[in-house]
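K.L.:
First the structure, which I've put down as structure tokens, then a few questions once you've had a look.
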Amino acid sequence: MESILQSLQEVVANPAQEVTRWQQMTGGKVVGWLPIYVPEEIIHAAGALPVSLWGGSTEIARADAHLQGFACSVVRAVLEYGLKGTYSMVDGFIFPSTCDHIQNTADIWAGLFPHRPKFDLVYPANRQSQAARGYLEHLLAGLVQWLEELTGQKVTEDKLRGSIRIYNQYRALIAELYSLRSRRPESLSGPEMGQIIKASFFLEKAEFNRRLSELLPWLEKRKVRPAPRVRLVVTGIMAEPVEVLAILDELGGAVVADDLALGARILRAPVKEELPPLAALADRHLRLGPCSTLYDCRKGRGAHLQQLVAEHAADGVLFLNMKFCELEEFDYPVLKAELEEAGIPLLFLEVEQQMSALGQVRTRLQAFLEVLEQGAVS
């Protein structure tokens, strides 16, 4: 079991190697997609490998010549990797209309790499609109056509249903992992949890499902640290750099639930297998729940976080704000007011993937955990 866990960590450490291995073994196409909500099932049904492009901690040397200084570290790293040739094994790219930064990067990408196939996944701005469902089905049908041209394979209804079953199994297994993290946080470290989730973005899902299903019973009995003194819910785009999670572990805290874009948000809402496949995938997008990247007239994210705190017996909320992420920054004042009214402690930390100086992060985390511990004692 240690070797299985290590294999997942190795995938995260060198994703290009794993993607190239799959490509050489299968002869299939690789499709890279930018965060956050892309229907991987369609890519999978086309016989391609979906690979999620969430940036990384690479040094930014060339991308800043093409992006504004206030572009977030995710798109800066994605463009940097593209300019460095890191994505040479990727055959096609999908850019969802998640935010202005990704849409702007999509236009820059088209100018820099005009011969690399690209699909713009422009979602409806208002999911509550009566026209949203029909528009989504039409949009996904266009994605199917683009993938068929890219891969040379027909995306049939049977293939889509098979892929949907595999991805629903994936979400169910991840839900078991999340339950384990809440019940027995001593079973795995914060970085290990993050690495398992991230490995799923580079492995073919049936293979990932096999490894995780073998790993879960072993994790149930494993103990790598004492029971945490402080339990936290983490929200934001991603829990990176991973050193933040390591510091949290070291200080006696543990993440027991999350509302991360690179985490629980992407795993929500299993696809309804009884519906026609494209209608089911469109329906899932309409049921994804509160997220800073999706229009929500009801502003339900604060209530969702309060529910997570209650369900997982958490002591507070950690808001990891990806620097220059306007959508998260727009949500924060509302969340802060609602959590304060509910009496839930909240810490705001600004991070970016390329940051290396973490002294201030450590100091603020330590102070926050000490306050929560004293509150628990009193």
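K.L.:
Checking the cross-link filter: which lysines have an alpha carbon closer than 26 Å to that of residue 323, excluding same-chain neighbours under 8 positions apart?
P.N.:
Within the straight-line cut-off, residue 323 pairs with 84, 198, 299, 336.
K.L.:
Given H placed 1.01 Å from N in the peptide plane, which residues other than close sequence neighbours of residue 258 have an amide H under 5 Å from its amide H?
P.N.:
234
K.L.:
Can you sort 158, 315 by 1.4 Å-probe accessible area, starting with the largest?
P.N.:
Ranking 158, 315 by accessible area, largest first, yields 158, 315.
K.L.:
Show 2, 207 ordered by accessible area, largest first, where the area counts protein heavy atoms only and the probe is 1.4 Å.
P.N.:
Ranked list, largest accessible area first: 2, 207.
K.L.:
³J(HN,Hα) across segment 242-247 via Karplus (A = 6.51, B = -1.76, C = 1.60, θ = phi - 60°), whole Hz, x for Gly/Pro?
P.N.:
Along segment 242-247, the couplings run 4, 4, 4, 5, 5, 4 Hz.
K.L.:
Right, here's the next one. Tell me the relative contact order for segment 112-216 as a rounded percent, counting alpha carbon contacts under 8 Å between residues six or more apart.
P.N.:
Relative contact order of segment 112-216: 22 percent.
K.L.:
Once the chain is represented by equal point scatterers at the alpha-carbon sites, with solvent omitted, what log10 I(q)/I(0) does the Debye formula produce at q = 0.12 Å⁻¹?
P.N.:
Evaluating at q = 0.12 Å⁻¹ gives log10 I(q)/I(0) of -0.95.
K.L.:
Could I ask something else about it? Given the -39500 (n - 2.57) contribution per DSSP H run of 4+ residues, what per-residue ellipticity at 222 nm results for the chain, rounded to the nearest 500 deg cm²/dmol?
P.N.:
Computed mean residue ellipticity for the chain: -16500 deg cm²/dmol.
K.L.:
Would you look at the GNM of the chain, springs on alpha carbons closer than 10 Å, and say which of 277, 333, 228 moves the most?
P.N.:
Ranking 277, 333, 228 by mean-square fluctuation puts 333 first.
K.L.:
Accessible area per residue, 1.4 Å probe, Å², for the chain: what's the number?
P.N.:
42
K.L.:
Can you give me the P(r) profile for segment 279-378? Cα pairs, bins 5 angstrom wide beginning at 0, each as a whole percent.
P.N.:
Using 5 Å bins, I get a P(r) of 2, 10, 18, 19, 20, 14, 9, 4, 2, 1, 0 for segment 279-378.
K.L.:
Additional query: Tell me, what is the percent relative contact order of segment 50-135, built from C-alpha pairs under 8 Å that lie six or more residues apart?
P.N.:
Relative contact order, segment 50-135: 24 percent.
K.L.:
If packing is taken as the average count of other Cβ atoms within 10 Å, what order do 54-64, 354-364 fall into, highest mean first? Don't jump to the answer; show the numbers that get you there.
P.N.:
Numbers: 54-64: 15.9, 354-364: 12.5.
Order by mean packing, descending: 54-64, 354-364.
K.L.:
For the chain, find the longest principal axis of its Cα atoms and tell me its angle to the long axis of helix 2-13, 0 to 90°, nearest 10.
P.N.:
70
K.L.:
Given the whole protein assembly as supplied and a 1.4 Å probe, what does the accessible area of residue 205 come to in Å², nearest 10?
P.N.:
The value for residue 205 is about 0 Å².
K.L.:
Taking the C-alpha atoms of segment 1-98, how large are the radius of gyration and the largest Cα-Cα span, Dmax, in Å?
P.N.:
According to the Cα coordinates of segment 1-98, Rg and Dmax are 14.5, 45 Å.
K.L.:
What ³J(HN,Hα) values, in whole Hz, does the Karplus curve 6.51 cos²θ - 1.76 cosθ + 1.60 give for segment 195-209 when θ = phi - 60°, with x put for Gly and Pro?
P.N.:
5, 5, 4, 5, 4, 5, 7, 10, 9, 4, 5, 5, 5, 4, 4
K.L.:
Under the definition of Cα pairs under 8 Å and six or more residues apart, what whole-number percent is the relative contact order of the chain? If you can, show how the numbers build up before the last one.
P.N.:
Details: 572 pairs, mean separation 70.0, N = 378.
So the answer I get is 19 percent.
K.L.:
Could you order 293, 26, 105 by accessible surface area, starting with the largest, using a probe radius of 1.4 Å? Mind showing how you got there, number by number?
P.N.:
Details: 293 30, 26 70, 105 0 Å².
Listed by decreasing accessible area, they come as 26, 293, 105.
K.L.:
Another question about this same structure. If you build a Gaussian network model of the chain, linking Cα atoms that sit under 10 Å apart, which residue out of 274, 250, 192 swings the most?
P.N.:
Highest fluctuation of the listed residues: 274.
K.L.:
Cross-link partners among lysines for residue 154, C-alpha distance below 25 Å, same-chain residues fewer than 8 apart left out?
P.N.:
Partners within reach: 29, 118, 205, 272.
K.L.:
May I ask you to evaluate 6.51 cos²θ - 1.76 cosθ + 1.60, the Karplus curve with θ = phi - 60°, for each residue of segment 84-100 and list the ³J(HN,Hα) values in order in whole Hz, giving x for glycine and proline?
P.N.:
Per residue, the Karplus-derived 3J(HN,Hα) values read 7, x, 4, 8, 4, 7, 8, 8, x, 10, 10, 10, x, 8, 5, 7, 4 Hz.
The values are calculated or read from the model by the stated rules, or taken from the named source; none is laboratory data. Here the structure is a predicted model, which is why all the values come from computation and not from measurement. Quick reminder, even Gly has a Cβ in these numbers, built from the backbone with ideal geometry, and neighbours come from all protein chains shown. These accessible areas exclude ligands, DNA and RNA; they are computed on the full protein's heavy atoms, side chains included. Shrake-Rupley method; radii C 1.70, N 1.55, O 1.52, S 1.80 Å.
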